[in-house]
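Coordinate-derived values only; no laboratory data. As the structure is a prediction and not an experimental result, all values here were calculated from the model. Neighbour counts are summed over all protein chains in view; Cβ atoms, including those assigned to glycine, are modelled from backbone coordinates with ideal geometry.
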Amino acid sequence: MDHEKVNILLVDDQPAKLLAYEVILKELGENLVIASSGREALEVLLKTEIAVILVDVCMPELDGFELAAMIREHPRFQKTAMIFISAIQVSDLDRLRGYEMGAVDYVPVPVVPEVLRAKIKVFAELYRKTRELERLNHELEDRVRARTAELENSTAKLRESEQRRSMAIAAGKMGSWDWDWISGDWMWDEGQYRIFGVSPDSFAVNPANVQALLHPDDVEQLRKAIAEFNKGTRAYETEFRILRPDGEVRWCVGTAAATVDDSGRVVRVSGVTVDITERKRAEERQNLLAREVDHRAKNALALAQSIVRLTRADEVKAYVSAVEGRINALARVHTILSLSSWQGAELSRLIDEELAPYSLGGQIVLAGPEVQLMPTTAQTLALALHELFTNSAKYGALSTRSGRLAIGWQVEDQRLTLNWEETGGPLVMPPKSRGFGTRSLLASVESQLGGQAQFDWRAEGLLCRLEVPLTRKTAATVPGKFDPASASELQRASG
């Protein structure tokens, strides 16, 4: 039995994914309506009866949660079925948030075609049966509305305008306006006043006052936009900045459409303003992050290159082992720093990471407060601790079960002091010459961090004292920056 097709709205900012959903759902034989953004989806909803909305959670400008909240604000869409598609791991809290926003189901990515079709089909059939029942229950009202089509059309336009205004106010980032081209009268809704940071009680909407709130660099392009309407343009969209009375600069995107009379003359211009400041700031943060990642990658490669170039060993196997150990130490501290978004690393965490490869039972005692290290300090200390642990495991207290190691640290006047004390291990003899590890430790702590490293080769075990400044001025001018001078120092130390 043939049935009336229903409209299924597909919302996603990626054309490839929209095409994939169309292919999967084509077998249902329904009308597939496409929207590439949340704003476009809202425009479709205002004009088209939609049975089911399939929306991507992660979209720019308006994400799935925000779009769902705006849709549910209006009584007309409170029962419209919405299914979220998420390409990320969705937590229980995210699911709860989605259901609170009005979602009826979640579909994870990758999408299983059969599952997606089944879910959509259920809600499409439910919508269809509901509509059929409504048509039976309201047959008389439908006949009356058919006889008064002109009045209904006028009422629908008014309702559509009011719906758009209600959604703009609910979102808090949208506003609508209307300009009588003939009389020059303006009308702003509450959202428009909010975006511009003015009050309807004290702000008179006229060309002069509005222009005073525009960024000087964007005034000319808006003048050109107005001139385009006189040349026959019927719609226009542009991004611009506003200067609120409190001095804050906000980014907006404005969309305007002209209404003409029978002779083609413009009689009214209406539009919507969207505050996109957060999106612009997110783009700036993303660009900054990309530059920072590139910067840190170059620094890490430079440091790894120095380790490879300066490591010395009599045999290839020993050389490979030494390089791998130092690179792994560098990788571990990078993992810790990345988890904190490169804000820093806890000293105790660095020590725990270096302890991880060893099974030492109760041979090691740690004592000290929580100390947050800047990225450069963390990188250098991680390599220094690696050298100390490696040497102790090979020749010192950690090479025997009877050996003991005490690591203590304290902070005073923005200066970290770390004491490394070994006891109970093999008899210690002062080295005739310092190996690369010891020399590189000295060079990096003293040259790169401006600290001091002292060694006391006592017979009962090594005593090492590291002093490192923690202030930004002396410890790291640019977080994460590798100092080429320290590489030169390491070269001299190994030579």
- Message: If R₀ is 22 angstrom, what is the calculated FRET efficiency for the pair Lys432 and Ala393, using the beta carbon separation as r and rounding to 0.05?
- Response: 0.55
- Message: Can you order the peptides 270-283, 22-35 by their average number of other Cβ atoms within 10 Å per residue, highest first?
- Response: 270-283, 22-35
- Item | Note, ³J(HN,Hα) from phi for region 381-392, Karplus 6.51, -1.76, 1.60, rounded to Hz, x at Gly and Pro | 5, 4, 5, 5, 5, 4, 5, 5, 5, 4, 5, 5
- Message: With the cut-off at 24 Å, tell me which of the pairs Lys17/Lys121; Lys119/Lys173; Lys79/Lys119; Lys5/Lys173; Lys119/Lys157 have Cα atoms farther apart than that.
- Response: Lys119/Lys173; Lys5/Lys173; Lys119/Lys157
- Rounded to 0.05, the calculated FRET efficiency for the beta carbons of Thr259 and Asn287 at R₀ = 60 Å is 0.90
- Item | Full-extension gain in nm, Thr400 to Ala367, via 0.36 nm per residue minus C-alpha separation | 9.7 nm
